[in-house]
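Have a look at the structure below before the remarks.
The values are calculated or read from the model by the stated rules, or taken from the named source; none is laboratory data. Remember, it's a predicted structure, so these values are computed and weren't measured experimentally. Cβ coordinates were reconstructed from backbone atoms using ideal geometry, including for glycine residues, and neighbour counts include every protein chain displayed.
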Amino acid sequence: MSATTKYIFVTGGVTSSLGKGILAASLAKLLQARGYTVTIQKLDPYINVDPGTLNPYEHGECFVTDDGAETDLDLGHYERFLNIPTSQANNITTGRIYKAVIEKERRGDFLGKTVQVIPHITDEIKNRIRLLGKTGNYQFVITEIGGTVGDIESLPYIEAVRQLKWELGNNAMVIHLTLIPYLSTTGELKTKPTQHSVKLLLEYGVQPDVLVCRTEHSLNRDIKNKIALFCNVAPNAVIEARDASTIYEVPLMMEEEQLDIVVLNQLNMPVSDNMDLAKWKDFLHKFKHPHHEVKIGLVGKYVELKDAYKSISEAFIHAGAANDCKVTIEWIHSESITDENVGEKFKWLRGILVAPGFGQRGIEGKISAIKYAREHQIPFLGVCLGMQCAVIEFARNVLGLKDADSTEMNPETPYPVIDLLETQKKITNKGGTMRLGSYPCNIAEKTKAWEIYKHKEIKERHRHRYEFNNEYLPDFEKAGMIASGINPEGGLVEIIEIKDHPWFVGVQFHPEYKSTVANPHPLFVSFVKAAIEVGKLVH
Ligand code: GLN
């Protein structure tokens, strides 16, 4: 019930990139393992209404929810840790808040009043935070405040936290994530930046209840006591967060530090003895002690920034563990690939994934990569644009349709094998107008897709405008590339595969968004398995 929902706010101090998202997800995991229901929300201080229009170089991957929200990549971590879907309500940006308030103003909701940051913007923020509690589905709502305390942009959020803490009393608390830097010249851990960032929070009227301190070295009792004394928190609420070898270790490190117990005590919630982390630990064990290793090439145009493909690399971790295998991703820039160098570049690869993307840059390299995978019988997975490129490659090199293309890349192509739907042609606004979110797909029997999913009806998440052009489907199928997954409503091709190949699959959707620790995605699991098999043949 909403009355008993507990609200936990996670703020960050000293510097960005300390891992608020992973901390929030780890705490949520521990609470979930103790039998509580929990969800996590991210408040982003930028003015974009959502990150859908952002270049991946800015904020990394755009994660997509079942209900079609284009969100911050932290939501991917929340889902991967908790194995429960997030939604539109789990990611709020300043742009969204202002848009809603301005729309209300235009409607006349505030007639006669001056519309101001306090109370109108802060009220809107508070409503969005409480919305998840009001669903009655969660005992805990963890809200991560993006940015670093002191940023001008995040002030209204911190003010909303101050107000909510006052209104909710014992049902709310604040966890502040900070950094304790190590000075190698003197061999000391320094607490001053943490003290300053807590002082800043106090200036805004927010007293943190727990401090989680990122550190390269262990914090001894004295340091913890010192931090506690200067920051008005209990010594046991100063939590050490050492650098971890993998993000999946963090829940266990936080358990060791008793973060969950401190939180439950603070919020007057019972601490039972049940802690169900067996599956999590089993996954971690398999991940850390693999029996095999395979190298898989990830071909994309944003490979300098690994965050641009976060869900894909995490899906490989889940699928690797499921196969007792370490998957080493070789990041390959699509612009560096040509028909001439591809053989040399791909010599050690046992599988090739061609990544999602937009626009012309790097397309020809992706097509060369796919040609190589097809001709050399190397397991291939094409995701979204990767699937579209596989269709283009097949059209050009097998069907002999010279200059076949997607109309995204070449609107004048004589063979538009990938094209816009009529409904997309009329759309001019870029934000939130793609084919977004979960759509059903029917799997054809006696196909690779059937072998993998073992179900007729599946649902996967989409984020694209262009589609396989069904006019060409009979020609493709005759030549050996078949449509093994079809959208039951409009007949859109969602999965293609090549029959005469050990493992060649292209998917118009994004399977990576649905891969979690508890449920590794079957496509990735099967792809990694195929890569291991190829490795055995080569050795
Ligand atoms: N650019 C392609 C489209 O819009 C593919 C998008 C993607 O890979 N997410 O259809």
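Among Leu252, Leu264, Leu259, which is in contact with a helix residue (DSSP H, G or I) (Cβ under 7 Å, 6 or more places away or on another chain), closer than 24 Å to Lys281 by Cβ and hydrophobic (A, V, I, L, M, F, W, C)?
Details: Leu252 fails: in contact with a helix residue (DSSP H, G or I) (Cβ under 7 Å, 6 or more places away or on another chain); Leu264 fails: in contact with a helix residue (DSSP H, G or I) (Cβ under 7 Å, 6 or more places away or on another chain).
Being in contact with a helix residue (DSSP H, G or I) (Cβ under 7 Å, 6 or more places away or on another chain), closer than 24 Å to Lys281 by Cβ and hydrophobic (A, V, I, L, M, F, W, C) holds for just one of Leu252, Leu264, Leu259, which is Leu259.
Does the range 324-334 contain any residue that is among the polar types (S, T, N, Q) and within 16 Å of the ligand (Cβ to nearest atom)? Don't jump to the end; show me each part of the working.
The first filter runs over the range 324-334 and keeps only residues among the polar types (S, T, N, Q), leaving 328, 334.
Now narrow it down to the ones that are within 16 Å of the ligand (Cβ to nearest atom): 334.
Yes, the range 324-334 contains a residue that is among the polar types (S, T, N, Q) and within 16 Å of the ligand (Cβ to nearest atom).
Just one of (1) within 15 Å of the ligand (Cβ to nearest atom); (2) under 21 Å from Ser313 (Cα atoms) trips up Ile532, so point out which.
Unmet for Ile532, out of (1) within 15 Å of the ligand (Cβ to nearest atom); (2) under 21 Å from Ser313 (Cα atoms): (1).
Considering each of Gly112, Gly68, Gly136, Gly60 in turn, give the residue that is free of Cβ contacts under 8 Å to residues at least 12 places away in the same chain and on the phi > 0 side of the Ramachandran plot.
On the way: Gly68 fails: free of Cβ contacts under 8 Å to residues at least 12 places away in the same chain; Gly136 fails: free of Cβ contacts under 8 Å to residues at least 12 places away in the same chain; Gly60 fails: free of Cβ contacts under 8 Å to residues at least 12 places away in the same chain.
None of the others qualify; the one that does is Gly112.
Going through the range 428-463 one residue at a time, which ones are within 16 Å of the ligand (Cβ to nearest atom) and either without any contact (Cβ under 8 Å) to a residue 12 or more places away in the chain or more than 16 Å from Pro511 (Cβ to Cβ) (or both)?
Once the filter is applied, which keeps residues that are within 16 Å of the ligand (Cβ to nearest atom) and either without any contact (Cβ under 8 Å) to a residue 12 or more places away in the chain or more than 16 Å from Pro511 (Cβ to Cβ) (or both), the range 428-463 yields Thr428, Asn429, Lys430, Gly431, Gly432, Thr433, Met434.
Please go through the range 52-78 and pick out each residue that is surrounded by fewer than 24 Cβ atoms within 10 Å (Cβ to Cβ) and assigned to a helix (DSSP H, G or I).
Gly52, Thr53, Pro56, Tyr57, Glu58, His59
Does the range 21-29 include one or more residues that are surrounded by fewer than 22 Cβ atoms within 10 Å (Cβ to Cβ), touching a Lys or Arg at 6+ places or on another chain (Cβ under 8 Å) and on the phi < 0 side of the Ramachandran plot?
no
Please pick out the residue among Val263, Val299, Val238, Val233 that is within 29 Å of Ala373 (Cα to Cα) and surrounded by 17 or more Cβ atoms within 10 Å (Cβ to Cβ).
Details: Val263 fails: within 29 Å of Ala373 (Cα to Cα); Val238 fails: within 29 Å of Ala373 (Cα to Cα); Val233 fails: within 29 Å of Ala373 (Cα to Cα).
None of the others qualify; the one that does is Val299.
Among the residues of the range 53-74, write down those that are over 15 Å from Lys42 (Cα atoms) and among the β-branched types (Val, Ile, Thr).
Correct list: Thr53 only.
Could you please give the count of residues in the range 419-435 that are outside any loop (DSSP other than H, G, I, E, B) and surrounded by fewer than 19 Cβ atoms within 10 Å (Cβ to Cβ)?
Within the range 419-435, the first condition is being outside any loop (DSSP other than H, G, I, E, B), and the residues that meet it are 419-420, 422-425, 435.
Next, from what is left, pick out any that are surrounded by fewer than 19 Cβ atoms within 10 Å (Cβ to Cβ): 420, 422-425.
Within the range 419-435, residues that are outside any loop (DSSP other than H, G, I, E, B) and surrounded by fewer than 19 Cβ atoms within 10 Å (Cβ to Cβ) number 5.
Please work out if Phe394 is within 14 Å of Phe527 (Cβ to Cβ) and either within 13 Å of the ligand (Cβ to nearest atom) or modelled with pLDDT of 95 or more (or both). I'd like the intermediate steps shown before the answer.
Working: within 14 Å of Phe527 (Cβ to Cβ): no; either within 13 Å of the ligand (Cβ to nearest atom) or modelled with pLDDT of 95 or more (or both): yes.
Criteria not met by Phe394.
Sort out which residues of the range 198-231 are closer than 26 Å to Ile152 by Cβ, without any contact (Cβ under 8 Å) to a residue 12 or more places away in the chain and of a type in the set (Asp, Glu), and write them in order of number.
Glu203
Among the numbered criteria (1) in contact with a helix residue (DSSP H, G or I) (Cβ under 8 Å, 6 or more places away or on another chain); (2) at pLDDT 95 or above; (3) within 16 Å of the ligand (Cβ to nearest atom), which one does Pro522 miss?
Here Pro522 meets the rest and fails (3).
When you go through Ile367, Ile337 one by one, which is the residue that is among the β-branched types (Val, Ile, Thr) and within 16 Å of the ligand (Cβ to nearest atom)?
Unique residue meeting the criteria: Ile367.
State whether the residues of the range 306-320 include one that is part of a loop (DSSP other than H, G, I, E, B) and either over 22 Å from Ala518 (Cα atoms) or in contact (Cβ under 8 Å) with a residue 24 or more places away in the chain (or both). Spell out how you get there, then give the answer.
Start the filter on the range 306-320 by keeping residues that are part of a loop (DSSP other than H, G, I, E, B), which leaves none.
No.
Please determine whether any residue of the range 469-492 is part of a strand (DSSP E or B), free of Cβ contacts under 8 Å to residues at least 40 places away in the same chain and within 26 Å of Ala69 (Cα to Cα).
Within the range 469-492, the first condition is being part of a strand (DSSP E or B), and the residues that meet it are 481-486.
Cutting the leftovers down to free of Cβ contacts under 8 Å to residues at least 40 places away in the same chain gives us 482-483.
The next check asks that each one be within 26 Å of Ala69 (Cα to Cα); those that pass are none.
So far as the range 469-492 goes, no, none of its residues is part of a strand (DSSP E or B), free of Cβ contacts under 8 Å to residues at least 40 places away in the same chain and within 26 Å of Ala69 (Cα to Cα).
Residues of the range 246-256 being surrounded by fewer than 17 Cβ atoms within 10 Å (Cβ to Cβ) and in contact with an Asp or Glu (Cβ under 8 Å, 6 or more places away or on another chain), which ones?
none
Keeping to the range 367-418, report how many residues are outside any loop (DSSP other than H, G, I, E, B) and among the polar types (S, T, N, Q).
So the count comes out to 4.
If you check Tyr302 against the conditions, is it at pLDDT 95 or above, within 27 Å of the chain's Cα centre (by Cα) and among the aromatic types (Phe, Trp, Tyr)? Break it down stepwise before answering.
Values: at pLDDT 95 or above: no; within 27 Å of the chain's Cα centre (by Cα): yes; among the aromatic types (Phe, Trp, Tyr): yes.
Judged against the criteria, Tyr302 is not a match.
Out of curiosity, is Phe358 modelled with pLDDT under 95 and either touching a Gly at 6+ places or on another chain (Cβ under 7 Å) or not charged (D, E, K, R) (or both)? Quick ask: steps written out before the conclusion?
On the way: modelled with pLDDT under 95: yes; either touching a Gly at 6+ places or on another chain (Cβ under 7 Å) or not charged (D, E, K, R) (or both): yes.
Criteria met by Phe358.
If you go through the range 17-44 one residue at a time, how many are within 18 Å of the chain's Cα centre (by Cα), of a type outside the set (D, E, K, R) and not in a strand (DSSP E or B)?
Within the range 17-44, residues that are within 18 Å of the chain's Cα centre (by Cα), of a type outside the set (D, E, K, R) and not in a strand (DSSP E or B) number 11.
In this structure, does Lys529 turn out to be more than 23 Å from the chain's Cα centre (by Cα), surrounded by fewer than 23 Cβ atoms within 10 Å (Cβ to Cβ) and closer than 23 Å to Arg350 by Cα? Steps first, answer last, please.
Working: more than 23 Å from the chain's Cα centre (by Cα): yes; surrounded by fewer than 23 Cβ atoms within 10 Å (Cβ to Cβ): yes; closer than 23 Å to Arg350 by Cα: yes.
The answer is yes for Lys529.
Between a residue in the range 342-355 that is on the phi < 0 side of the Ramachandran plot and any residue that is within 16 Å of the ligand (Cβ to nearest atom) and not hydrophobic (A, V, I, L, M, F, W, C), which pairs come within a Cβ distance under 6 Å, given they are 6 or more apart or on different chains?
Once the first residue is on the phi < 0 side of the Ramachandran plot and sits in the range 342-355, its partners that are within 16 Å of the ligand (Cβ to nearest atom) and not hydrophobic (A, V, I, L, M, F, W, C) give Val354/Lys366; Val354/Gly382; Val354/Gly386; Ala355/Gly300; Ala355/Tyr309; Ala355/Gly386.
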